[in-house]
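See structure below.
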Amino acid sequence: MNRQMPLNTSFNATTTAADVLKDRQLAGMTALITGGHSGLGLETTRALTQAGAQVIVAARDPVIARTRLAIAGISNIDIYELDLADLSNIRKFTQQLLATGVHLDMLICGAGIMACPETRIGPGWEAQFAINHLGHYALVSHLWPALAGGARVVVISSSGHHASAIRWNDVQFHSGYDKWLAYGQSKTANALFALQLDKLGKNAGVRAFSLHPGMIPTPLQRYLSQEEMLALDWIDANGKPAHPEMLKTPQQGAATQVWAATSPQLNGLGGLYCEDCDVARRNDDTGFSFSGVKSYAVNPEQAQRLWKLSAQLTGVDAFGKI
């Protein structure tokens with residue numbers, strides 16, 4: 001049973017990734033982070049390496065990733081090329097990684113896009129669903145030999161999932177594109193993916209979690225104009241945050257994913273949606289909220305249905321034949 005109830009940890013919305021790992025030693029552990037060179041991924045890489053973990057950063061442009069990580073003063077990492085919009089590139093990346101014989105203790109699926117203009121990739125897939133969900137689904141399926149035996153998979157969802165459940169009648173938005181509904185659907189898919197992965201993988205020692213990191217100014221907002229962010233009441237007329245009291249720093253934003261990937265408090269648990277370094281409550285109130293998880297995003301039947309669809313679309317399934 002999915003026990004979507006807070007554990008009442010000692011952490012909160014102001015906790016940083018460094019706070020989570022205070023006095024923790026992760027030497028001998030290896031983490032793979034998609035997008036580990038930018039935004040929350042960069043802060044996650046920083047926190048894990050400072051605690052002694054070996055981090056593999058998967059980036060669409062390794063040159064840019066290497067530059068940003070060098071500027072941030074982060075060393076003791078490996079950088080690989082990974083384009084989550086390209087299934088053949090995902091396969092190539094995983095073949096290269098598996099050839100090293102590495103075992104992954106942590107996989108943090110953090111790369112993604114938000115509210116982009118209508119974009120089609122692959123065989124006409126809607127880009128947000130494809131990159132945010134299908135790319136990570138295929139990545140985990142191909143990487144399974146490096147995860148089996150003991151690992152945590154952390155999938156970065158968002159309170160954006162409140163905007164839309166899975167649109168089973170039109171997942172790819174062929175009948176009119178709405179960038180916010182598409183983003184919301186992709187974030188619901190992230191939560192459902194973690195739920196089903198945990199169900200299928202726990203007997204092999206793999207547990208999975210999804211989470212809302214909080215509201216943080218990051219490059220994720222790159223597709224939004226100042227006019228849009230003003231209309232959304234995200235910024236004021238001077239371009240400054242309209243509600244700074246609601247914002248987290250990048251260090252605070254990275255905390256929940258670091259907690260989900262490493263915390264002993266989650267031993268024996270899995271398939272849970274988290275926020276503010278704790279398990280989130282269900283929130284089925286009408287309308288959009290920045291806290292809690294909608295029941296449709298932690299629904300086992302929906303998770304199983306999404307897994308089957310993802311397997312059919314990508315042609316890969318770590319747990320069975322297509």
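The values are calculated or read from the model by the stated rules, or taken from the named source; none is laboratory data. Not measured: the values here are computed from a predicted model. Positions of Cβ are generated from backbone atoms using ideal geometry, with glycine treated the same way; all protein chains shown enter the neighbour counts. Ligands, DNA and RNA are excluded from the accessible area calculation, which covers all protein heavy atoms including side chains. Shrake-Rupley method; radii C 1.70, N 1.55, O 1.52, S 1.80 Å.
Build a GNM of the chain with springs between Cα atoms under 10 Å apart, and of Ser75, Ser158, Ser291 the one that fluctuates most is Ser75. The spacing between the stretch 15-84 and the stretch 153-179, judged by their C-alpha centroids, is 28 Å.
The simple Förster model, with R0 at 30 Å and r as the Cβ-Cβ distance, assigns Asn89 and Tyr177 a FRET efficiency of 0.75.
Of the residues Glu81, Glu301, ranked by 1.4 Å probe accessible area with the largest first, the sequence reads Glu301, Glu81. Rounded, prolate or oblate: which fits the stretch 6-61 when a ≥ b ≥ c are the square roots of the eigenvalues of the alpha-carbon gyration tensor, with rounded for a/c under 1.5 and prolate only if a/b beats b/c? Here the stretch 6-61 falls in the oblate category. For the chain, which whole-number percentage of the solvent-accessible area (1.4 Å probe, protein heavy atoms only) is attributable to carbon and sulfur atoms? With neighbouring chains kept in place, the figure for the chain is 51 percent. Structure remark: mean-square fluctuation, Gaussian network model of the chain, C-alpha springs under 10 Å; the largest value among Leu247, Leu272, Leu40 belongs to Leu247. Legend: helices of the chain (whole DSSP H runs) are marked when their alpha-carbon atoms reach 15 angstrom or more along the helix axis and their mean Kyte-Doolittle hydropathy is at least -1.0; marked are 39-50, 87-99, 135-147, 179-201, 300-314.
The residues of the stretch 110-183 expose on average 30 square angstrom of accessible surface per residue, using a 1.4 Å probe on protein heavy atoms. In whole Å, what is the distance between the alpha-carbon centres of the stretch 186-205 and the stretch 108-139? About 17 Å separates the Cα centre of the stretch 186-205 from the one of the stretch 108-139.
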